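K.L.:
Mind having a look at this structure? Questions to follow.
Derivation of every value follows stated rules applied to the coordinates shown; laboratory data play no part. Keep in mind it's a predicted model, so treat the numbers as computed, not measured. Quick reminder, even Gly has a Cβ in these numbers, built from the backbone with ideal geometry, and neighbours come from all protein chains shown.
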Amino acid sequence: MRVNKVTGSVESSAELPFVIKTIRRKWNQEPVNRPNGFSCHQLIWVENGCGVFTVDGTTVTLSKGKGVFMRAGVPHRYSGDELLTSWCTFTCADTLLEYVIGDSRYILFDVPDFLGRETDAVVAFASGPSSYLSLSAVGYTYVVNFFEAVSKQSDPAVAQIKEYLERHYSEQITLDDVAESVGMNRFVLCRFYRKHCGGSVMDELKRLRISKAKRMLKFTADSIEEIAVSCGFVSPSYFSKVFREECRVTPSGYRKMLKG
């Protein structure tokens, strides 16, 4: 097991429950544009300089000490002047991601104090005579420590907003309803949520509803109409439209894929 010094890729032929693909640091990061996303999950952060990142249609400016995690396949691009980035990409961790971030396609974060040190430690470990299995274990611990630290950064109001959405996603709630639940007006709520989460409240609600619908399609025999109502969609036709936009397949097509 070795880390390629040129590409930073971990040379491995084994597909284990967790596999690190690349882990490295890059001076003068060149512009990146991936309209179809990347094949791996990617954790990237800024160590120096400032960059403009557009992730899944949302544009944010990330400076030193800021970063973004993106699932595989999430469209993104970024560029910056004298930008120094570090990153880690990995595969085979879908169950972990579902547990720590649910259906979120990406998250913004403040870089934990230990991240640089632990990154260097993983690179050193992978550069030595490590086995596929031992590197999988070390990499898994590295990523778990990262997500555990990031989960503690959430503003209490963000947790309150997400809890409200979780409790009321099946209802016809509005931005005003969500704002009232946390003592904000709708305009302050939108700015606050975008700053802390990188997206909109209503996009989060849509993702939550789709997530619930996917589980019902998988684990129940409920009709498409029943699932649409249970997940808060105004009509079965609107549910099908939104589901197809998000999943690139109709609800009935998704159910058939699961069975077949």
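K.L.:
For the Cα atoms of the chain, what angle does the longest principal axis make with the long axis of helix 186-197, in degrees from 0 to 90, nearest 10?
P.N.:
30
K.L.:
Take the Cβ-Cβ distance between Glu180 and Trp27 as r, set R0 to 51 Å, and report the resulting FRET efficiency rounded to the nearest 0.05. All intermediate terms of the calculation are to be shown ahead of the outcome.
P.N.:
Details: r = 48 Å, r/R0 = 0.94.
Working from the Cβ atoms, E equals 0.60.
K.L.:
Further question on the same structure: Give me the percent relative contact order of the chain, please, defined on Cα pairs under 8 angstrom at least 6 residues apart.
P.N.:
Numbers: 403 pairs, mean separation 43.1, N = 260.
Relative contact order for the chain comes out at 17 percent.
K.L.:
Quick check on my link table: of Lys206/Lys256; Lys66/Lys214; Lys214/Lys259; Lys66/Lys162, which ones sit more than 24 Å apart, alpha carbon to alpha carbon? Display every interim value, and only then the final one.
P.N.:
Numbers: Lys206/Lys256 22 Å; Lys66/Lys214 32 Å; Lys214/Lys259 13 Å; Lys66/Lys162 22 Å.
Cα-Cα > 24 Å for Lys66/Lys214; rest within.
K.L.:
Excluding same-chain residues fewer than 8 positions from Lys64, which aspartates and glutamates have a Cα within less than 13 Å of its Cα?
P.N.:
List returned: Glu47, Asp81, Glu82, Asp110, Asp113.
K.L.:
Now, a different point. Restricting attention to segment 156-260, which trypsin sites (Lys or Arg not before Pro) occupy a DSSP loop and are surrounded by at most 15 other Cβ atoms within 10 Å?
P.N.:
Listed in order of number, the matching sites are Arg248.
K.L.:
While we're looking at this one, here's another question. Give the angle, between 0 and 90 degrees and rounded to the nearest 10, that separates the Cα long axis of helix 115-127 from the longest principal axis of the Cα atoms of the chain.
P.N.:
Orientation of helix 115-127: about 60 degrees from the principal axis.
K.L.:
How large is Rg/Rh for segment 102-260, to two decimals, with Cα atoms and a Kirkwood Rh? Kindly include the intermediate steps, with their values, before the conclusion.
P.N.:
Working: Rg = 19.9 Å, Rh = 18.4 Å.
My calculation puts Rg/Rh at 1.08.
K.L.:
Right, here's the next one. Chymotrypsin sites (Phe, Trp or Tyr not before Pro) within segment 109-155: which are DSSP loop residues with at most 14 other Cβ atoms inside 10 Å? Numbers along the way, then the final one.
P.N.:
Working: sites: Phe109, Phe114, Phe125, Tyr132, Tyr140, Tyr142, Phe146, Phe147; in loops: Phe114.
In loop regions of segment 109-155 (DSSP not H, G, I, E or B), the sparsely surrounded chymotrypsin sites (Phe, Trp or Tyr not before Pro) are Phe114.
K.L.:
Could you compute the FRET efficiency for Asp222 and Ser200, with r as their C-beta to C-beta distance and R0 at 30 Å, rounded to 0.05?
P.N.:
Numbers: r = 28 Å, r/R0 = 0.95.
Plugging the Cβ-Cβ distance into 1/(1 + (r/R0)^6) gives 0.60.
K.L.:
Still on this model: Looking at segment 135-183, which GluC sites (Glu not before Pro) are in a loop (DSSP not H, G, I, E or B) and have at most 13 other Cβ atoms within 10 Å?
P.N.:
On the way: sites: Glu148, Glu163, Glu166, Glu171, Glu180; in loops: Glu171.
Those that pass, being in a loop and sparsely packed, are Glu171.
K.L.:
Between Ser252 and Gln172, how high is the FRET efficiency from 1/(1 + (r/R0)^6) when r is the Cβ-Cβ distance and R₀ = 25 Å? Nearest 0.05.
P.N.:
Numbers: r = 24 Å, r/R0 = 0.96.
About 0.55, to the nearest 0.05.
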